[in-house]
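Worksheet: one structure, shown below.
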Amino acid sequence: MSSSAGPVASSEGYRYDVSRNLVTAGLATQAVKPSSNYIGRSYDAIVIGAGFTGLAAARDLSVAGKHVLLLEARDRIGGRTWTAQVDGHNTEMGGTWIHWLQPHVWAEVTRYGLVDGVKISSGTSNEADVSYLNDTKDGFVKERPEITDLRLLPLMFKFMDIDGAGGRTLFPQPYQPMQCADLWTSWDISLQERADQLDISIEDRDFLLSWLCINACSSAAESSFLNMLRLYALSGYDFNTFMEICGKMKLKEGTTTLASAIYSEYKGASLFNRVVKSVLSTDGEVEVATKAGDVFHAKHVICTIPLHCLSDVEFSPSLPQAFKTTKHANLGAKVHIHSSLSVDPWFGISDGNHSVCAVFTESPSAQGGTHLVSFGISDKLIAQHHIKDNPKAYILALQNDVVPKSVRIEPTHITWHDWTRDEFAKGAWASYGPKQLSGGLGEITMNPRLSDRIILANADWATGWVGYIDGALEMGRKAGRDTALELDRIAG
Ligand SMILES: Cc1cc2nc3c(=O)[nH]c(=O)nc-3n(C[C@H](O)[C@H](O)[C@H](O)COP(=O)(O)OP(=O)(O)OC[C@H]3O[C@@H](n4cnc5c(N)ncnc54)[C@H](O)[C@@H]3O)c2cc1C
């Protein structure tokens, strides 16, 4: 089903040209795909959403010989993961970094022969310096990461060590997060609350929390300790491994190559630019209607719409309360910066109380200078206005919040996707606040089905790497297999 043509402009993504003071909307990408020429009305299965969850489910169902329709609201595949081609640079607008310690994504990277196409982001390489806030005249310390680690790693261990076993007793099998719920319920507190329990100086506490806020792009009060402990468990209980998994390795040609590879194996029909408005169980099948007026029928539906958008769709049976009330905390922003000045490999952070919480060098630019990637905090400057309405404010915040005086950045362009105001995402990667896993998220995790015929699957409630590409692939593959087995059972 893939098109082998070059990049086409998506309606999505923004770019700001500093010298012209001009914002343009729409970026070129290989992720834009044509809809199928012929679309029938009746299918074995309909998969809603062409993010990684939907792509994996649709591929596996069609490879198993099922008659499948993939319905997507956007003009492209990939959902919250897509690569824009900007001045010859593969610019990751959403999901980016992957790792061989993430089993589902690495299986796909291997399946499509993309292992040789993995590169390291320069700001997370061994030669990169790190910088963080402190009360020096500059406001920042810039040093070798080995020096930072001497202070950070013992503090991090203390932070996670709630049980004298380095945190190991709460998630002994991290892909079964609900297994020891009775042990962890009382630990479903915020990062701030956990840090306040430690007998450490205020400086050490703030230093520790500044490294943790990046994960959720939100403040320490809004981010859950338990969510962090889950990811730490998945990272083999090692904070540096966690950081490496989250920000070191990426696909040189872009994540859209992986999405396109999965899509190329898909043998069913696809319809883009179709917003699903209802998913209704009827007698022995499911009716799916779009806002454009199409009505389709299928024996089974896999709905991969993100958590924050599910309530926009009418479901029967109706959506369980947990899906309506559970929210994740990440309303942050990811903004690429092109600097005309070259910047040596470097990783800079501030904390959850600043507008911009992290920035790091990504790679040298073909035009000269350096590409950097930055992350903005949800409830600060970012949420108060669209970056597109005041891009200069973002650049100013970046310079003030996270760039030490010893580093010089000269932004010529910034590039971003406004995930929080995107009606089909309403947020960035799912990172939860306190009381979610012990509440609604836990319920969702244990039962992501609406009925025998409707599965709700998305990375936002993955059992493993929740909020990550790996989690999307895990959920998509499982939903695809469960649906195929059920179809086989019905067929006798
Ligand atoms: C800024 C950012 C940075 C990230 N960084 C990383 C990273 O480095 N590594 C990593 O592993 N993960 C990262 N992630 C997370 C990762 O991108 C997501 O977890 C993953 O892509 C989610 O895939 P999904 O298919 O479950 O959901 P989505 O990608 O959200 O797919 C759902 C699809 O459903 C469609 N849809 C929604 N509503 C409707 C409707 N009504 N009708 C039809 N279609 C609809 C959407 O358009 C979308 O295509 C990042 C995410 C963001 C936003």
Practice problem: In Å³ and rounded to a whole number, note down the convex hull volume per residue for the Cα atoms of the chain. | Solution: 137
Quiz item: When the chain is fully extended, how far beyond the present Cα-Cα distance does Ser264 get from Glu285, taking 0.36 nm per residue of separation?
Solution: 4.7 nm
Quiz item: Taking the Cβ of Phe207 as the center, what net charge do the other residues with Cβ under 13 Å away carry, scoring Lys and Arg +1 and Asp and Glu -1?
Solution: -4
Practice problem: DSSP loop (so not H, G, I, E, B), at most 15 other Cβ within 10 Å: list which trypsin sites (Lys or Arg not before Pro) in region 71-151 pass both filters. | Solution: Lys137
Quiz item: Can you give me the relative contact order of the chain as a percent, contacts being Cα pairs under 8 Å and 6 or more apart?
Solution: 24
Quiz item: How far apart, in nm, are the 7 Å Cα→Cβ label points at Val23 and Gln399?
Solution: 1.9
Quiz prompt | Loop trypsin sites (Lys or Arg not before Pro), region 402-456 (other Cβ atoms within 10 Å of the site Cβ: 12 or fewer; DSSP) | solution = Lys405, Arg408
Quiz item: So what is the accessible area of the chain per residue, in Å², with the probe set to 1.4 Å?
Solution: 38
Exercise. Calculate, in nm to one decimal, what Asp482 and Leu153 gain on full extension: separation in residues at 0.36 nm each, minus their alpha carbon distance.
Key: 114.3 nm
Quiz item: What percent do you get for the relative contact order of region 149-249 when only Cα pairs under 8 Å and 6+ apart count?
Solution: 32
Exercise. Work through the residues other than Leu71 whose Cβ is under 9 Å from its Cβ and net out their charges, Lys, Arg +1 and Asp, Glu -1.
Key: -1
Quiz item: What's the angle, to the nearest 10 degrees (0 to 90), between helix 202-212's Cα axis and the longest principal axis of the chain?
Solution: 30
Quiz item: On a 0 to 90 degree scale, rounded to 10, what angle separates helix 391-402 from the longest Cα axis of the chain?
Solution: 50
Quiz item: Once you charge only the Cβ atoms, +1 for Lys and Arg and -1 for Asp and Glu, what is the size of the charge dipole of region 149-249 about its Cα centre, to the nearest 20 debye?
Solution: 280
Self-check item: Extended-chain gain in nm, criterion 0.36 nm per residue less alpha-carbon gap, Lys252 and Asp312
Solution: 18.0 nm
Self-check item: Scattering curve values for region 347-490, log₁₀ I(q)/I(0), Debye with Cα scatterers, q = 0.09, 0.20 Å⁻¹
Solution: -0.43, -1.22
Quiz prompt | Two-site FRET efficiency, Ala9 against Lys388, from Cβ-Cβ distance with R₀ of 25 Å, rounded to 0.05 | solution = 0.90
Exercise. Have a look at Leu231, Ala107, Leu55 and report the one farthest towards the positive end of the charge dipole of the chain, computed about the Cα centre with Cβ charges (Lys/Arg +1, Asp/Glu -1).
Key: Leu55
Quiz item: Tell me, what % of the accessible area of region 225-270 is carbon and sulfur with a 1.4 angstrom probe?
Solution: 48
Practice problem: Determine the calculated [θ] at 222 nm for the chain from helices alone, applying -39500 (n - 2.57) to every DSSP H run no shorter than 4 residues and normalising by the residue count; nearest 500 deg cm²/dmol. | Solution: -8000 deg cm²/dmol
Quiz item: Can you give the charge dipole size of the chain about its Cα centre, rounded to the nearest 20 debye, using +1 on the beta carbon of Lys and Arg and -1 on the beta carbon of Asp and Glu?
Solution: 1080
Quiz prompt | Summed residue charge, Cβ within 13 Å of Val105's Cβ, Lys/Arg positive, Asp/Glu negative | solution = 0
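The values are calculated or read from the model by the stated rules, or taken from the named source; none is laboratory data. A quick note: this is a predicted structure, and the numbers were derived from the prediction, not measured. Neighbour counts are summed over all protein chains in view; Cβ atoms, including those assigned to glycine, are modelled from backbone coordinates with ideal geometry. Calculation scope for accessible area: heavy atoms of the full protein, side chains included, ligands and nucleic acids excluded. Shrake-Rupley method; radii C 1.70, N 1.55, O 1.52, S 1.80 Å.
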